[in-house]
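Student: There's a structure below that I have some questions on.
The values are calculated or read from the model by the stated rules, or taken from the named source; none is laboratory data. Bear in mind the structure is a predicted one, so any value in this text is a computation, not a measurement. Here the Cβ is made from the backbone with ideal geometry for all residues, glycine too, and neighbour counts use every protein chain on show. Surface accessibility is based on the protein's heavy atoms, side chains included, excluding ligands, DNA and RNA. Shrake-Rupley method; radii C 1.70, N 1.55, O 1.52, S 1.80 Å.
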Amino acid sequence: MSSMNEMVSRPEKEGRKITLVEALREALQEEMRRDERVILLGEDIGVSGGFGGAFTVTLGLAEEFGHHRVIDTPITEAGIAGVATGAALGGLRPVADVQYGDFLFLAMDQLANHAAKLRYMSGGKLRVPLVMRAPVGATTRGAQHAQSLEAFFMHVPGLKVACPSNPYDAKGLLKTAIRLDDPVIFFEHKLLYGSKGSRKEAGGIEVFGTVPQEEYLIPFGEAKVVRSGQAVTLVANLLMVHRAMQAAKNLAAAGIEAEVIDVRTLVPFDWSTLFESVSKTGKLVIVEEDNLTGGWGAEVAARTADRCIGYLQAPIRRVAAPDTPVPFAPIMENFYVPSVERIVTAVTDLM
Amino acid sequence: MNLTPEKKLAMYRSMVLCRMFEEQVNSLFLQGKLPGTIHQAQGQEASAVGVCQALEEHDMITSTHRPHEHAVARGIPVKYLMAELFAKKTGCCGGKGGSMHIGDAALGMLPAIAIVGGGIPLAAGYALSFQYLKKPNIVACFFGDGASNIGSFHEAINMAAIWDLPVVFVCENNKYGASTAIDQVMKVKRVSDRAAAYGIPGQTIDGNEVEIVYRAMREAAARAREGKGPTLLELETYRLVGHSRSDPGHYRSKEEVAEWKKRDPIARFEATYLTEGLLTDDLIRTIRLSVEQELNEAVAFAEASPAPLPEECLTDVFNE
Ligand SMILES: Cc1ncc(C[n+]2csc(CCOP(=O)(O)OP(=O)(O)O)c2C)c(N)n1
Ligand SMILES: [Mg+2]
């Protein structure tokens, strides 16, 4: 398990600093070159003179692979998810996307009732090698373009769930997702994309990851300890990994050394890395952007309480969004999304 | 149906207000004064205004991610719209909605729905409430060409048709859904052809001629009010700007954009009525000045308005 700090300090010649968008694009490109069965489906993904999808991830891919592999669909999320599922049953490896994660609700029937269950219902005879990409996170677009949806999908047996926080993980996990024989919901955070020019996100943070030239894969179910410490365990995903890291830095200044775990995939979940850390620190703070009630942190808290009760020296704390829709006004949105300060306070309360 | 000069001038002023509102918003956005993203509708004024001018006070409209002109045309005071875009407490949604959700049900517009097609079943449902409560009102349901491919369009129109609901489905066909040309994603020639599948009338008209839109809408509205059920009206129009804040529109040819600029609904109206004498250069100037003043006051109101408190994030989730 390498730490994020090590990764970033690799010498330049071994890797290139690229954005998350570029990392995702490389993953798609490499897998499409490697395997003709990989196709892309989505809205505005291949139109010439267009955007390359809502966040430019597929820019240029139609030019390289043709429109029969980079398939522009009508606005039809249920159709996209269902057609991709059907194509996966038929032997293709579709990577479909929605422009905003919120639109997954339109595709819920196809994903939760069909994609997730066909292997099981067929007694193991079928497989659904489907990837559904979805941008999440609050970015002053209001309540219908902002939600964090990981928990909804984590709850459906049969779906795998990835949620990378940086370009290196995004590339390695997406390549793995494409090769897996199970449906994967692949979440990407809008503020981490690193989109440039006019597509730049206000409030976006610059996360350039060093990504090696040579090919690599990252297995699902392996969390990453991105900072080690003895005083408390912080576990987070997506944007919240960065907030947790910043909080850890601030806490270190006050003499509190936090361990930070990036979950990387929620299904499967790397329980052993988490339990090992909590056994060492005795304290756990879970940080997620989703609404508190029923968020993935609730599951993590319950399992940790069950397995680590003898080690816990304090209550498990959760830093999450309040149970409200995402407000538009930046003042309210900043209140909504867990901040570095809230994480620091949650930790110091436990000390 | 002869339109009075007053009605024509009201439609003209409303179109100018829509256009200048959008231009003002664009400039404020570029100055960094408005958070978030915006989808604007310059060029589509005749559709918003023609439809809304044909409505009665207690009728309702539903709208989309591109709602500014619908809201202005419906008559929601621009200061409350502007304040919402400024994320202020005095905005029509208290700062909780933003550009994509502006609206005010008390003034005849549900908060705009930014899930493409998501507002279409809501419109049918609102019409069901009118029918059930025996109100004499109708719903005008705005959506785009792109939305006509989504499941909710088909499910909602089918229900409205079988139950003769008092709703008019208004498809603003501006030829594109984001970067995607409608003829790439629809096999039939016209969105209105789809009406046949649900057994209701469908009609395609010039959506850049405000009077044509108004007349067609009056007729469809009358039919709906009489209990004869919904109509699918397709208004052919064009957005003269990008899809959203950051779209240079490279997927459209210069020729096509130039062609549609010639069909600008406001310039067309002016050309017609300068010749016919309803408008004079002086009158145009006077109208524009009054619109400008209304907008300046709206911006001043929005800028002077208080921001919401951070904790206001927590209210309005349930009936408290
Ligand atoms: C269900 C859903 N899918 C995708 C989007 C992203 N999106 C926003 S606007 C738009 C295009 C809509 O086209 P159209 O219905 O023709 O309306 P127009 O933008 O032309 O007014 C898309 C794809 C969305 N908001 N909702
Ligand atoms: Mg359109």
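Student: Regarding the range B:153-175, can at least one residue be identified that is in contact with a Ser or Thr (Cβ under 9 Å, 6 or more places away or on another chain), over 23 Å from B:Gly50 (Cα atoms) and not in a helix (DSSP H, G or I)?
Tutor: Scanning the range B:153-175, I find no residue that is in contact with a Ser or Thr (Cβ under 9 Å, 6 or more places away or on another chain), over 23 Å from B:Gly50 (Cα atoms) and not in a helix (DSSP H, G or I), so the answer is no.
Student: Something else now. All but one of (1) away from ligand 1 (no atom under 16 Å from the Cβ); (2) within 20 Å of B:Glu69 (Cβ to Cβ) hold for B:Glu172; which doesn't?
Tutor: Only one criterion in (1) away from ligand 1 (no atom under 16 Å from the Cβ); (2) within 20 Å of B:Glu69 (Cβ to Cβ) is unmet by B:Glu172, namely (1).
Student: So which residues in the range B:152-187 are within 14 Å of chain A (Cβ to nearest Cβ) and acidic (Asp, Glu)?
Tutor: Of everything in the range B:152-187, those that are within 14 Å of chain A (Cβ to nearest Cβ) and acidic (Asp, Glu) turn out to be B:Glu155, B:Asp183.
Student: I've got another one for you. Open to solvent by less than 10 Å² (accessible area, probe 1.4 Å) and aliphatic (A, V, I, L, M), is that true of B:Ile115?
Tutor: Details: open to solvent by less than 10 Å² (accessible area, probe 1.4 Å): no; aliphatic (A, V, I, L, M): yes.
Taking the combined requirement at face value, the residue does not satisfy it.
Student: Restricting to the range B:131-160, name every residue that is more than 16 Å from ligand 1 (Cβ to nearest atom) and open to solvent by 10 Å² or more (accessible area, probe 1.4 Å).
Tutor: Once the filter is applied, which keeps residues that are more than 16 Å from ligand 1 (Cβ to nearest atom) and open to solvent by 10 Å² or more (accessible area, probe 1.4 Å), the range B:131-160 yields B:Gln131, B:Tyr132, B:Leu133, B:Lys134, B:Lys135, B:Pro136, B:Asn137, B:Asn158, B:Met159.
Student: Given the structure, is A:Ile71 within 21 Å of B:Gln184 (Cα to Cα), at the interface with chain B (Cβ under 10 Å from one of its Cβ atoms), buried (at least 20 other Cβ atoms within 10 Å of the Cβ) and not hydroxyl-bearing (Ser, Thr, Tyr)?
Tutor: When the stated conditions are applied, A:Ile71 does not pass them.
Yes or no, residue by residue, for (1) crowded, with 23+ Cβ neighbours inside 10 Å; (2) over 16 Å from the mean Cα position of the chain (by Cα):
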{"position": "A:Glu222", "(1), (2)": "no, no"}
{"position": "A:Val232", "(1), (2)": "yes, yes"}
{"position": "A:Asn237", "(1), (2)": "yes, no"}
{"position": "A:Met240", "(1), (2)": "yes, no"}
{"position": "A:Ala247", "(1), (2)": "yes, yes"}
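Student: Name every residue in the range A:108-144 that is under 30 Å from A:Pro330 (Cα atoms) and either in a strand (DSSP E or B) or not aliphatic (A, V, I, L, M) (or both), in order of residue number.
Tutor: A:Met132, A:Arg133, A:Ala134, A:Pro135, A:Val136, A:Gly137, A:Thr139, A:Thr140, A:Arg141, A:Gly142, A:Gln144
Student: Got a number for residues in the range B:161-187 being within 11 Å of ligand 2 (Cβ to nearest atom), more than 18 Å from the chain's Cα centre (by Cα) and open to solvent by 20 Å² or more (accessible area, probe 1.4 Å)?
Tutor: Selection size over the range B:161-187: 2.
Student: If you don't mind, there's one more thing I want to ask. Scan (1) open to solvent by 10 Å² or more (accessible area, probe 1.4 Å); (2) over 18 Å from A:Ile75 (Cα atoms); (3) touching a strand residue (DSSP E or B) at 6+ places or on another chain (Cβ under 6 Å) for the single condition B:Arg190 breaks and write down its number.
Tutor: Condition not satisfied by B:Arg190: (2).
Student: Only one of these is more than 14 Å from chain A (Cβ to nearest Cβ), touching a Cys at 6+ places or on another chain (Cβ under 9 Å) and surrounded by 18 or more Cβ atoms within 10 Å (Cβ to Cβ): B:Leu295, B:Leu240, B:Leu233. Name it. It would help to see each step written out before you state the result.
Tutor: Numbers: B:Leu295 fails: touching a Cys at 6+ places or on another chain (Cβ under 9 Å); B:Leu240 fails: touching a Cys at 6+ places or on another chain (Cβ under 9 Å).
Step by step, each of B:Leu295, B:Leu240, B:Leu233 is checked, and only B:Leu233 is more than 14 Å from chain A (Cβ to nearest Cβ), touching a Cys at 6+ places or on another chain (Cβ under 9 Å) and surrounded by 18 or more Cβ atoms within 10 Å (Cβ to Cβ).
Student: Can you tell me which residue is farthest from the other protein chains (Cβ to nearest Cβ) among those in the range B:302-317 that are over 18 Å from B:Phe29 (Cβ atoms) and part of a helix (DSSP H, G or I)?
Tutor: For the range B:302-317, the residue satisfying everything is B:Ala304.
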